[in-house]
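The next block holds one structure in the form of structure tokens; read it before the comments.
The values are calculated or read from the model by the stated rules, or taken from the named source; none is laboratory data. Computed from a predicted model, the values in this text were never measured in an experiment. Here the Cβ positions follow ideal geometry from the backbone for every residue, glycine too, while neighbour counts run over all protein chains shown.
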Amino acid sequence: MKNINVEEKINLSKYTTIKVGGFAEYFSKPNNTDEFINLIKWSHLNDQKCQIIGAGSNLLINNIFLKGLTICTKTMRSIKIESNTGIVEAEAGVMLPTMSNILAKNGLQGGEWTVGIPGTLGGAICMNAGSGNFSVANNVLSVKVIDTTTLETYEIQKKDIDFQYRFSPFQQNNLIIISAKLMFEPKGNIEQLLETTKKTLKRKTETQPYDLPSFGSVFKNPTNNYAGKLIEELGLKGFKIGDAEVSTTHGNFIVNNSSANSKDILDLITVIQQKVLQNKGIFLQPEVRMIGFDYP
Ligand SMILES: Cc1cc2nc3c(=O)[nH]c(=O)nc-3n(C[C@H](O)[C@H](O)[C@H](O)COP(=O)(O)OP(=O)(O)OC[C@H]3O[C@@H](n4cnc5c(N)ncnc54)[C@H](O)[C@@H]3O)c2cc1C
């Protein structure tokens, strides 16, 4: 197979924002769509399990040896902007903060809120990342995918994707996101957009623990409530297992103080769930995705 570069026994903790992870049997960082597709074909032909990660900013990877190929899309960074129409076409690995700044510089409005989310576009579509009333799904026009069972590539229109709160069907199906077309409001005031983008980032870094490794919000917000508020009300901010700690800045964040491992973090998640269930009668559903666990 041409155009593929596969490494062996790579430590994945370097590829997650919480700095925790096991070892990948095979690992690759494709530079473009062709290389990406070739890698997926390689894993299929060699009967290898294929795991996709973006920026690893919503991931808890178990400290184990992960069989098969792990592909990190972060190096697939092509992005095309049509300033007049507001249509953007970007590869899965484009980082949201990069995209947010490019949008503002081109006068495209509606992507300012993404600036503080340290994930890739593919990861954001898979997670339907969002903030307040905004979510990536609102801007998606279509998604180009590859089916890992048939190796067919095709485009799915937004109307055929059942996006929900922090959920997309890509969390469950055999489709891998290659690229996407998005739509933003064209001809905005560039100065104002740059200012809003800057202020949004400032607000996020002041209210969330950006100074320590984390994976963003651990739990989804329950209906008409906030996971962070429930956790804070139980006095769990600052509660630790090993080097994993419930952030003192934001109750819905777990931070890695230095050498937390995946067990510390999973144990902390479980304790929080138990305490919130016992005291508030609410089961907190993790937002963070788990790899290498028998988690339901
Ligand atoms: C400091 C901080 C702040 C955050 N703030 C927010 C926030 O405000 N709002 C929010 O929603 N999230 C937030 N997050 C969480 C995270 O950044 C988002 O969920 C982000 O969209 C995940 O993107 P990623 O590239 O890191 O995905 P990863 O964590 O690498 O992967 C997440 C999931 O997507 C899948 N995936 C990744 N790429 C593809 C692909 N190409 N095709 C198919 N599946 C794929 C993975 O297999 C995995 O299941 C925050 C995280 C941090 C660390």
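List of remarks:
- The range 62-81: number of residues that are assigned to a strand (DSSP E or B) and in contact (Cβ under 8 Å) with a residue 12 or more places away in the chain: 10
- The residues of the range 30-48 that are touching a helix residue (DSSP H, G or I) at 6+ places or on another chain (Cβ under 7 Å) and either surrounded by fewer than 21 Cβ atoms within 10 Å (Cβ to Cβ) or at positive phi (or both) amount to a single one, Asn31.
- Every condition in (1) in a helix (DSSP H, G or I); (2) under 30 Å from Leu266 (Cα atoms) is met by Asn101 except one, and the failing one is (2).
- Members of the range 82-98 found to be assigned to a helix (DSSP H, G or I) and crowded, with 24+ Cβ neighbours inside 10 Å, listed by number: Leu96
A quick yes/no check of all residues on (1) more than 13 Å from the chain's Cα centre (by Cα); (2) closer than 19 Å to Gly93 by Cα; (3) not assigned by TED's automatic domain parsing to the domain that holds Ile40:
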{"residue": "Val115", "(1), (2), (3)": "yes, yes, yes"}
{"residue": "Gly122", "(1), (2), (3)": "no, yes, yes"}
{"residue": "Ala129", "(1), (2), (3)": "no, yes, yes"}
{"residue": "Leu151", "(1), (2), (3)": "yes, no, yes"}
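- Of Leu96, Leu175, Leu103, all but one fail to be more than 12 Å from the ligand (Cβ to nearest atom) and not hydroxyl-bearing (Ser, Thr, Tyr); the exception is Leu103.
- The range 240-258, subset within 14 Å of the ligand (Cβ to nearest atom) and among the polar types (S, T, N, Q), residue farthest from Arg203 (Cα to Cα): Asn256
- Phe23 being surrounded by fewer than 19 Cβ atoms within 10 Å (Cβ to Cβ), aromatic (Phe, Trp, Tyr) and touching a residue at least 12 places away in the same chain (Cβ under 8 Å): yes
- Test: residue in the range 204-217 that is hydrophobic (A, V, I, L, M, F, W, C), at negative phi and in contact with a strand residue (DSSP E or B) (Cβ under 7 Å, 6 or more places away or on another chain): yes
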